[in-house]
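Have a look at the structure below before the remarks.
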Amino acid sequence: MKKVLIFGVTGQDGIYLSKFLLKKGYEVHGVRRRKSLSNSFRVDYINSTIFKKKKFFLHFGDVTNSLSVLNLIKKIKPKEIYNLAAQSYVADSFNIPKLTTNADALGTLRILESIIKINKRIKFYQAGSSEMFGKVVEIPQTEKTPFYPRSPYGVAKVYSHWITVNYRETYKIFACNGILFNHESPFRGENFVTKKIIKALCKIKFKKQKKLFLGNLYSKRDWGHAEDYVQAMWKMLQNKYPDDFVICTGKQYSIKEFINLVLKELKIPIKWKGKGIKEKGYTNNKCIIECSKKNLRPTEVDTIIGDYSKARKILKWRPKHDIKSIIRDMIDFEIKNI
Ligand code: NAP
Ligand code: F7E
């Protein structure tokens, strides 16, 4: 039985990847951080579902601690390592740039160093991001598009990308970078815009919340479903040779377009009035959406849209969910919770 080790197992992608690999018959080892409280609905989900019965093991550890990383890899002896661990909230990375860099950049180096010390045959997946393209220099973005990150998060991911390439070339290890565009699901963290919008609008529909405060309504994102994207991660490590791949849908929507799609699905009528930060959304003359400067970023990624031709050709990967099925999946989850 193949053993895998996932750093960042308690995150959105960690959950989908674990489920996917368990189904494939892998023994899955996941690393979680020690917290004063058992922490989130995601850990509760892990503890209360199939993970109990199958070959799934949780270990405490932290990618900001070299010894913790080294000892875990030594003890578990995985065949594949997925590095999903990160401070992944872009907006926060402006306030905590050192912590973000330590986890998102140096964390990757710590894993790579451990691999070359312990066993160079371990395959490695690095969770890269479309945030590396930042202020995009070409449209759509491919594996060849130069990076221009716009946040400490993006900069840290660029470091991780290149150190992974460098270790692959220097030590001939099987290390891959996924350059993943935004992907969402019911397990998305609550700060991210899709989850924030869907959760709030569902509550507004059931009169459990009055208003939703957002920031920039006009940035554009290429949104996919996490369930599809974790399959691409695994496919990268099963390829004949290590390489880097853009994973996206090739379709783009603004935040406002996304909101309108959610409202349509929830059958909430909307009228938009005003411009810029003063733009507001009204339903039956009641304001339910407002913008606040608090939610703007010092530097923004205005537009992002990828081209997954390489992944389609080499990995035979393509997204199965479209924007509507992502929204439906997320709404169903919220409504069940309400
Ligand atoms: P997420 O929900 O924020 O999960 C991040 C995971 O990393 C959590 O399990 C978190 O643990 C863990 N973590 C944070 N700091 C750590 C540390 N110092 N040591 C060990 N674990 C740590 O992110 P996601 O959406 O699943 O994304 C997975 C990876 O893909 C991340 O690296 C992210 O940057 C990258 N990515 C995501 C997207 C996307 O759209 N989702 C797109 C491109 C790339 P806690 O639960 O304890 O916080
Ligand atoms: O923001 C705008 C915001 O925080 C999307 C991470 O997974 O994907 C994610 O990064 C857009 C931005 O995701 C609010 O300004 C407006 O333009 O959902 P987000 P992100 O920053 O794109 C990449 C690929 C990653 O790698 C990251 O880890 O939405 N926006 N109003 C808002 N965003 C938030 N969060 N909250 C608002 O109120």
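The values are calculated or read from the model by the stated rules, or taken from the named source; none is laboratory data. As the structure is a prediction and not an experimental result, all values here were calculated from the model. Every residue, glycine among them, receives a Cβ derived from its backbone with ideal geometry; neighbour counts consider all protein chains shown.
Of the residues in segment 209-239, how many are part of a loop (DSSP other than H, G, I, E, B) and either of a type in the set (Gly, Ala, Ser) or under 17 Å from the mean Cα position of the chain (by Cα) (or both)? Don't jump to the end; show me each part of the working.
In the first step, residues of segment 209-239 are kept if they are part of a loop (DSSP other than H, G, I, E, B); the result is 209-211, 215-219, 222-223, 239.
Adding the requirement that they be either of a type in the set (Gly, Ala, Ser) or under 17 Å from the mean Cα position of the chain (by Cα) (or both) leaves 215, 219, 222-223.
Number of matching residues: 4.
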(message) If a residue must be more than 19 Å from the chain's Cα centre (by Cα), modelled with pLDDT of 90 or more and among the small types (Gly, Ala, Ser), how many such residues does segment 25-60 contain?
(response) 1
(message) Restricting to segment 1-24, name every residue that is within 16 Å of the chain's Cα centre (by Cα), among the aliphatic types (A, V, I, L, M) and in a helix (DSSP H, G or I).
(response) 15, 17
(message) So, in segment 288-309, how many residues would count as being under 12 Å from residue 217 (Cβ atoms) and in a helix (DSSP H, G or I)?
(response) 1
(request) Within segment 89-99, identify whether any single residue is in contact with a Lys or Arg (Cβ under 7 Å, 6 or more places away or on another chain) and farther than 17 Å from residue 149 by Cβ, and answer yes or no. (result) no
(request) Would you point out which residue out of 239, 295 is more than 16 Å from ligand 1 (Cβ to nearest atom), surrounded by fewer than 19 Cβ atoms within 10 Å (Cβ to Cβ) and under 30 Å from residue 316 (Cβ atoms)? (result) 239
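In segment 240-276, what residues are assigned to a helix (DSSP H, G or I) and free of Cβ contacts under 8 Å to residues at least 40 places away in the same chain? Write out each step before concluding.
First, the residues of segment 240-276 that are assigned to a helix (DSSP H, G or I): 255-265, 276.
Those that are assigned to a helix (DSSP H, G or I) and free of Cβ contacts under 8 Å to residues at least 40 places away in the same chain: 256, 257, 260, 264, 276.
Taking the condition of being surrounded by fewer than 14 Cβ atoms within 10 Å (Cβ to Cβ) and within 11 Å of ligand 2 (Cβ to nearest atom), how many residues in segment 303-312 meet it?
The initial filter retains those residues of segment 303-312 that are surrounded by fewer than 14 Cβ atoms within 10 Å (Cβ to Cβ), namely 309.
Narrowing further to those that are within 11 Å of ligand 2 (Cβ to nearest atom): none.
So the count comes out to 0.
Looking only at segment 166-202, which residues are part of a helix (DSSP H, G or I) and surrounded by 17 or more Cβ atoms within 10 Å (Cβ to Cβ)?
Here is the first cut: in segment 166-202, the ones part of a helix (DSSP H, G or I) are 166-171, 193-202.
Within segment 166-202, 167, 168, 193, 194, 195, 196, 197, 198, 199, 200, 201, 202 meet the criteria.
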(request) Would you be able to tell me the number of residues in segment 1-38 that are crowded, with 24+ Cβ neighbours inside 10 Å, among the hydroxyl-bearing types (Ser, Thr, Tyr) and near ligand 1 (Cβ under 6 Å from one of its atoms)? (result) 0
(message) Going through 140, 146, 78 one at a time, which residue ends up being without any contact (Cβ under 8 Å) to a residue 40 or more places away in the chain and away from ligand 1 (no atom under 15 Å from the Cβ)?
(response) 146
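Regarding residue 324, is this residue over 16 Å from residue 251 (Cβ atoms), out of contact with any Gly (no Cβ under 6 Å at 6 or more places or on another chain) and not in a loop (DSSP other than H, G, I, E, B)?
No; evaluated as a whole, the condition is false for this residue.
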(request) Output the residues belonging to segment 104-138 that are under 15 Å from residue 179 (Cβ atoms), within 16 Å of ligand 2 (Cβ to nearest atom) and of a type outside the set (Gly, Ala, Ser). (result) 104, 108, 125, 126, 131, 132, 133, 136
(message) Among the residues of segment 181-213, what is the count of those that are within 18 Å of residue 265 (Cβ to Cβ), in contact (Cβ under 8 Å) with a residue 60 or more places away in the chain and within 12 Å of ligand 2 (Cβ to nearest atom)?
(response) 10
